Amino acid sequence: MNEIIQSVTDAIIKRSQKSRVLYKARIDAAQGHGVNRTTLGCSNLAHAMAPMSTEEKAALSHDTAANIAIVTAYNDMLSAHEPFKLYPPLIKRALMDVGATAQVAGGVPAMCDGVTQSQPGMELSLFSRDNIAMGTAIALSHNVYDGALYLGVCDKIVPGLLIGALSFGHLPAIFIPAGPMPSGISNSEKSLIRQEFAQGKVSEGALLKAESASYHSSGTCTFYGTANSNQMLLEMMGLQLPNSSFVNTDTPLRDALTRDAAQRIVGMTESSGNYKPIGRIIDEKSFVNAIVGLMATGGSTNHTIHLIAMAKAAGIILNWDDFDAVSKVTPLLCKMYPNGQADVNHFREAGGMSVVIHQLLDAGLVHDDVETIVGRGLRNYVVEPQLDRGKVAFSEGAKTSRDTGVIGSADTPFSHEGGLKLLTGNLGRSVIKTSALKPGQLFIEAPAIVFESQEALQRAFKAGELERDFIAVVRYQGPKANGMPELHGLMPPLGVLQDKGFNVAIITDGRMSGASGKVPSAIHLSPEAKDGGAIAKVVTGDMIRMDIENGEITLLIDEDRFDTRPLGSCELTPRHHGFGRELFAAVRQEVNSAEEGATIFDLPGEERA
């Protein structure tokens, strides 16, 4: 193993020792020693199986057949989740073929950040993750299930489902994706039209035509944002079938993979003799592998928040120093939009996760000695799924890239460091996505222009007030202030200014889209402005230095003067009402910082009364 990766792993294990012991004890206490429905009385069981078929009732009436929960994030507004409408009947048929049953235990909300970008509803986006985790717990609360299948793909949905699954750590779990849509127009063409629209060069009709040619059918969006980073992480953690994430939706292989996952979980239940609950699959090494995968593929910055929250659910404590240390020794192996022009379909054609995992294993950058849903060892994921007489067969997968413009190697990477970096200084701590930045963008020293919304910056851009070098300070966008929305609307105007030759950058306590990266963006700044962070004291004209290569972000001001400067005020009340935002007042009050996962949940043993 790489010495740095091992030292990070050891540090996580040491700091998590107390909470891990308690988490494992809770799993042991919840284990049912048989099928779980035997704990119910006859009236309880009759309620649970009342709508089922005669055949299913017969199976459940005995105490041997496994009953599997389906927790689904289906809705037909998300293209990535629309295919899930067909999954429950497919799963139920597959399980009946092996003498087991399944029930849709519950549905969880699934909002699309692509729809809510720059809208009031985006301020519910991050909070939806913890809501999904609680919905998952409610779905599984009936205690008639011996395992669970999780149907989810997109941004907050997979992290929420995983937090919920880990809270039921005594149950086996497999995640089942829907697969990406076919490729539409190129990402470079889509990005260009967005910038031309921001400049008033093309009409809204032309923009809609281009966007619709990109997002054009059922299936996951094809750029490498948070949704597809989720799928990568699930494979790195051994919770999804190998090299299966990017098999297109509505194909025979996709359906066969769903059937295989459904039947595979039966062999993981307690009564199978091969008990493999999720709480015993996932450990500290699983999360280190996930962080390495994030860096190697240039994945979404959102996971510097989500992975911390997910790990906490398993009693594991991660911090941004872990991400930074891993990034420094992890080569960037992939070039997918926004880091390049390829999409996840091109990634799969180049060999996909099989190549990435093989390269990382051979370089000693990930732990092979981990448990997965297909057996012990991450090397089980260096395979390719294929159809064999209607069933899935896994054969040896590609170990080197079929397209070196999309996937490189550990010896010849696109960069010798991963795609994310920690920035620290007198403004606080933040993360930045570096994988899409050019060498000349790694240092900028310029005056601040302070904004308290992305709309304010857009108005200044349209008024021609931003034709210069500057660093946009966009504050009061953290979790306590307004739910930490993605500030997707910043990118087109700043991209235009960058293309004109101006040196521009962003500092914010908010989030950026998982697909952002062209403009240097110090994001998730902690402490946030609402919590009294230094960003609240910055005024327009202050000089700021962003030295990305050395991991520094510095307000160039006399410290004594800065300490006595009052906090800038911001009227947040209008952001707390309408579009359901008033329902999340308690969440805004209880949520912790971005580096702590921006979550309302505590570590095992630290739960508040």
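Under the condition of being hydrophobic (A, V, I, L, M, F, W, C) and farther than 16 Å from THR540 by Cα, which residue from segment 435-465 is surrounded by the most Cβ atoms within 10 Å (Cβ to Cβ)? Don't jump to the end; show me each part of the working.
Taking segment 435-465 and keeping what is hydrophobic (A, V, I, L, M, F, W, C), we get 436-437, 442-444, 446, 448-451, 456-457, 460-461, 463.
After this cut, where a residue has to be farther than 16 Å from THR540 by Cα as well, the list is 436-437, 442-444, 463.
Numbers: ALA436: 19, LEU437: 21, LEU442: 16, PHE443: 16, ILE444: 18, ALA463: 8.
That would be LEU437.
Looking at this structure, is LEU126 assigned to a helix (DSSP H, G or I) and either buried (at least 24 other Cβ atoms within 10 Å of the Cβ) or on the phi < 0 side of the Ramachandran plot (or both)?
On the way: assigned to a helix (DSSP H, G or I): yes; either buried (at least 24 other Cβ atoms within 10 Å of the Cβ) or on the phi < 0 side of the Ramachandran plot (or both): yes.
Yes; evaluated as a whole, the condition is true for this residue.
Here is a yes/no grid of residues against (1) at pLDDT below 95; (2) over 23 Å from ILE305 (Cα atoms):
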position	(1), (2)
LYS518	yes, no
LYS537	no, yes
ILE544	no, yes
ILE553	no, no
LEU567	yes, yes
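Among the residues of segment 481-502, write down those that are within 17 Å of the chain's Cα centre (by Cα) and small (Gly, Ala, Ser). Walk me through it before giving the result.
First, pick out the residues of segment 481-502 that are within 17 Å of the chain's Cα centre (by Cα): 483-488.
Result: GLY483, single match.
Modelled with pLDDT of 90 or more, assigned to a loop (DSSP other than H, G, I, E, B) and buried (at least 21 other Cβ atoms within 10 Å of the Cβ) - does that describe any residue in segment 228-237?
Here is the first cut: in segment 228-237, the residues modelled with pLDDT of 90 or more are 228-237.
This time we only want the ones that are assigned to a loop (DSSP other than H, G, I, E, B), so: 237.
Next cut, buried (at least 21 other Cβ atoms within 10 Å of the Cβ) only: 237.
The answer is yes, given that some residue of segment 228-237 is modelled with pLDDT of 90 or more, assigned to a loop (DSSP other than H, G, I, E, B) and buried (at least 21 other Cβ atoms within 10 Å of the Cβ).
Are there any pairs with C-beta distances below 9 angstrom linking a residue in segment 345-361 that is free of Cβ contacts under 8 Å to residues at least 24 places away in the same chain and on the phi < 0 side of the Ramachandran plot to a residue that is outside any helix (DSSP H, G or I) and of a type in the set (D, E, K, R), with the two at least 6 apart or on different chains, and if so which?
Pairs found: LEU361/ASP368.
Just to be sure before I move on: is ALA296 within 19 Å of the chain's Cα centre (by Cα) and under 30 Å from ILE600 (Cβ atoms) in the structure I sent? Outline the logic, then answer.
On the way: within 19 Å of the chain's Cα centre (by Cα): yes; under 30 Å from ILE600 (Cβ atoms): no.
Spelling it out, it is not the case that ALA296 is within 19 Å of the chain's Cα centre (by Cα) and under 30 Å from ILE600 (Cβ atoms).
Tell me, which strands (runs of 3 or more DSSP E) lie completely within segment 518-609 with 1 or more residues that are more than 28 Å from the chain's Cα centre (by Cα) and of a type in the set (S, T, N, Q)?
Working: elements: 521-526, 543-547, 552-555.
Answer list for segment 518-609: 552-555.
In segment 32-51, how many residues are surrounded by fewer than 17 Cβ atoms within 10 Å (Cβ to Cβ) and either closer than 13 Å to PRO277 by Cα or in contact with an Asp or Glu (Cβ under 9 Å, 6 or more places away or on another chain) (or both)?
Step one: of segment 32-51, the residues surrounded by fewer than 17 Cβ atoms within 10 Å (Cβ to Cβ) are 32-34, 38-44, 46-47, 50-51.
In the following step, the residues that additionally are either closer than 13 Å to PRO277 by Cα or in contact with an Asp or Glu (Cβ under 9 Å, 6 or more places away or on another chain) (or both) were identified as 32-34, 38.
Final tally of qualifying residues: 4.
Looking at GLY219, GLY225 in this structure, which one is within 30 Å of VAL247 (Cβ to Cβ), touching a strand residue (DSSP E or B) at 6+ places or on another chain (Cβ under 6 Å) and crowded, with 17+ Cβ neighbours inside 10 Å?
Details: GLY225 fails: touching a strand residue (DSSP E or B) at 6+ places or on another chain (Cβ under 6 Å).
Residue meeting the stated conditions: GLY219.
Among what's in segment 76-101 and is farther than 14 Å from LEU151 by Cα and among the hydrophobic types (A, V, I, L, M, F, W, C), pick the residue that is modelled with the lowest pLDDT.
Across segment 76-101, the extreme among qualifying residues is MET77.
The values are calculated or read from the model by the stated rules, or taken from the named source; none is laboratory data. Remember, predicted model here, so these are calculated numbers, not experimental data. Here the Cβ is made from the backbone with ideal geometry for all residues, glycine too, and neighbour counts use every protein chain on show.
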